[in-house]
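Quick notes on the structure that follows.
The values are calculated or read from the model by the stated rules, or taken from the named source; none is laboratory data. As the structure is a computational prediction, the values presented were derived from the model and not from experiment. Quick reminder, even Gly has a Cβ in these numbers, built from the backbone with ideal geometry, and neighbours come from all protein chains shown.
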């Protein structure tokens, strides 16, 4: 073998050269350069600035650090807690209490006016001493360090201003680590080294408020199970009727689990004796209605189920007949704006007068006994007859004829032949022509509202695909008015929609959300997430949570509390409420096999 001497001798120069060329993990993660200034560190092309908290108020609220953590900017926050021995502290506290007590006694002897600050300090020290002696509290030196990052000096200054405003609003003050930016930067990164060593003495009660990640529990002794808290796996259990109002909005993209969540809520409230009414644009609730022994009314031009648009509510004892009649006519004028493609101011006035005369012709006036109003409710053809005798109503009569004599007459010009005497009632309008859906939804909602006003009872009204009714100003206004007045009648309105953009285009979209104490946001699409974020004031983390959520997962807001929720159902509940096509077909086949086994014919309506 050539050059055998190389095997026997080591060449230090070559070995050192090989060692120097080895790439370590430090070489990979290290920035190209670090320039430490008196108040800033330049790391590559990025700037960093570190601070420490030096002053706290007397009282700290829970989660006060959370707004800082949720800032839409990268930052590092480090909290150092150094526990202290209780014995030496008790000796110092005893000495300090004695000093303050002596000072208070001296001031009293000399006749000085009382010093509230001194008296407060005495009470606080006495309370703290008692709690330390009974091991209810411990003391610790606490240091909180924050490092912010920016691409320019201006951006850094803007972030600093925002940070100071958030903290100073809570009477918490920060200082810049002048000439100690390196130490501040090292202390804030997650390596557990405290180089700043700036402490504030705290007992465990205020110390616990430092924990920034607040996850509310929604668990009460009453109500239904809404799902599981994804943060801590606790049960989300509460009663929506215990909040300031029982209204709810449910937003989510198609296939995100909206209908599943709403049906599950319906099923569980039905078991508690709460009546449920559903306005169903896609006939999704028919199977659930049959399963729970409820009523399902198919609303269409050829349907046998009819609702008279001119129906009147039953007047309660605490209501004045003239107020009920006036409110009903005002709502009807809004309906006719939708039906007749808009009204001029003159036509608006004519319709208002014609409706009053139509009711008067049937002896329905504020002076007559309202107990007999229901016996002689007029039809659309009666309104048409009145309009024909009025000057300037020719255009209105021509447009109204298609609802009284034309293709629409079978639905719009018939007396009401349905009842809402079941605990669960659903109105399906899938088979109604698309152009007539908004007015059909309006008519059904008016009918439901009249029944709700007639009897005070715990109810939930579900308006599915609410963007249909929100298409028209009058429909949106009626839905908003219903949501606003629902609490008075022990009603909770659930507004469900997937088309968030169309919903929010209406001037009544945001007010409906504001008047809903419960808000369920399921998986959102990137196209609408910014609209949702703005409407519900979401943080960046909540925004991405909704984008990345699986089916049946999202955010649940209940009053001031909100949690990340996962909707869960038992196997039996799932069989009632599932809308997944593959599961529906599977259940249908199982029922067909069961029917064959029992030698009974399988009927589609039973499914």
Worksheet item: If you check 333, 274, which single one turns out to be in contact (Cβ under 8 Å) with a residue 12 or more places away in the chain and surrounded by fewer than 21 Cβ atoms within 10 Å (Cβ to Cβ)?
Response: 333
Response to the item:
All-but-one check, residue 54 against (1) assigned to a strand (DSSP E or B); (2) without any contact (Cβ under 8 Å) to a residue 12 or more places away in the chain; (3) under 30 Å from residue 129 (Cα atoms), failing number (2)
Discussion item. Whether any residue in segment 511-531 is crowded, with 18+ Cβ neighbours inside 10 Å, in contact with a strand residue (DSSP E or B) (Cβ under 7 Å, 6 or more places away or on another chain), closer than 24 Å to residue 243 by Cα and at pLDDT below 85 is what I want to check.
Written reply: no
Worksheet item: Do we find that residue 175 is surrounded by fewer than 16 Cβ atoms within 10 Å (Cβ to Cβ), touching a residue at least 12 places away in the same chain (Cβ under 8 Å) and outside the structural domain of residue 541 (by TED's automatic domain parsing) in this structure?
Response: yes
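Of all strands (runs of 3 or more DSSP E) completely enclosed by segment 239-305, which ones contain at least 1 residues that are within 21 Å of residue 504 (Cα to Cα)? Working first, answer last.
On the way: elements: 248-251, 275-280, 295-298.
The strands (runs of 3 or more DSSP E) meeting that bar are 248-251, 275-280.
Inspect all residues belonging to segment 85-98 and state whether any of them is without any contact (Cβ under 8 Å) to a residue 40 or more places away in the chain, surrounded by 16 or more Cβ atoms within 10 Å (Cβ to Cβ), outside any loop (DSSP other than H, G, I, E, B) and outside the structural domain of residue 197 (by TED's automatic domain parsing).
Of segment 85-98, the ones without any contact (Cβ under 8 Å) to a residue 40 or more places away in the chain are 85, 87-88, 91-98.
Okay, now just the ones that are also surrounded by 16 or more Cβ atoms within 10 Å (Cβ to Cβ), so 93, 97.
Now restrict to residues that are outside any loop (DSSP other than H, G, I, E, B): 93, 97.
Narrowing further to those that are outside the structural domain of residue 197 (by TED's automatic domain parsing): 93, 97.
Looking for residues that are without any contact (Cβ under 8 Å) to a residue 40 or more places away in the chain, surrounded by 16 or more Cβ atoms within 10 Å (Cβ to Cβ), outside any loop (DSSP other than H, G, I, E, B) and outside the structural domain of residue 197 (by TED's automatic domain parsing), one finds at least one in segment 85-98, hence yes.
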Practice prompt. Quick one: count up the residues across segment 374-386 that are more than 19 Å from residue 443 (Cβ to Cβ) and modelled with pLDDT under 90.
Written response: 2
Response to the item:
Going through segment 534-551 in order, the residues found to be over 11 Å from the mean Cα position of the chain (by Cα), surrounded by 15 or more Cβ atoms within 10 Å (Cβ to Cβ) and part of a helix (DSSP H, G or I) are 542, 543, 545, 546
Response to the item:
When (1) in the same structural domain as residue 451 (by TED's automatic domain parsing); (2) surrounded by fewer than 23 Cβ atoms within 10 Å (Cβ to Cβ) are applied to residue 203, the one that fails is (1)
Discussion item. Please determine whether any residue of segment 216-231 is on the phi > 0 side of the Ramachandran plot and touching a strand residue (DSSP E or B) at 6+ places or on another chain (Cβ under 7 Å).
Written reply: yes
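Pick from 154, 195, 182: which is part of a loop (DSSP other than H, G, I, E, B) and in the same structural domain as residue 76 (by TED's automatic domain parsing)?
On inspection, the qualifying residue turns out to be 195.
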Response to the item:
Scanning segment 387-413 for residues that are buried (at least 18 other Cβ atoms within 10 Å of the Cβ) and outside any helix (DSSP H, G or I), the one modelled with the lowest pLDDT turns out to be 408
Worksheet item: From the list 129, 114, which one is over 28 Å from residue 192 (Cα atoms), assigned to a helix (DSSP H, G or I), at pLDDT below 85 and not assigned by TED's automatic domain parsing to the domain that holds residue 195?
Response: 129
Worksheet item: In segment 361-386, how many residues are part of a helix (DSSP H, G or I) and over 43 Å from the mean Cα position of the chain (by Cα)?
Response: 10
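Answer yes if at least one residue in segment 185-196 is on the phi > 0 side of the Ramachandran plot, free of Cβ contacts under 8 Å to residues at least 40 places away in the same chain and surrounded by fewer than 17 Cβ atoms within 10 Å (Cβ to Cβ), and no otherwise. Walk me through how you get there before you give the answer.
Just the residues of segment 185-196 that are on the phi > 0 side of the Ramachandran plot, to begin with: 192.
Filter once more, keeping what is free of Cβ contacts under 8 Å to residues at least 40 places away in the same chain: 192.
Right, trim to surrounded by fewer than 17 Cβ atoms within 10 Å (Cβ to Cβ) and you get 192.
Looking through segment 185-196, at least one residue is on the phi > 0 side of the Ramachandran plot, free of Cβ contacts under 8 Å to residues at least 40 places away in the same chain and surrounded by fewer than 17 Cβ atoms within 10 Å (Cβ to Cβ).
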Worksheet item: From the residues in segment 468-503 that are modelled with pLDDT under 85, surrounded by fewer than 22 Cβ atoms within 10 Å (Cβ to Cβ) and under 19 Å from the mean Cα position of the chain (by Cα), which one is nearest to residue 248 (Cα to Cα)?
Response: 499
Practice prompt. Consider residue 354 carefully, then state whether it is crowded, with 19+ Cβ neighbours inside 10 Å, at pLDDT below 90 and more than 43 Å from the chain's Cα centre (by Cα).
Written response: no
Worksheet, complete the sentence: Note: among 144, 68, just one is in a helix (DSSP H, G or I) and under 38 Å from the mean Cα position of the chain (by Cα), namely 68
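Applying the selection to segment 345-361, what residues are touching a helix residue (DSSP H, G or I) at 6+ places or on another chain (Cβ under 8 Å) and more than 12 Å from residue 386 (Cα to Cα)?
347, 348
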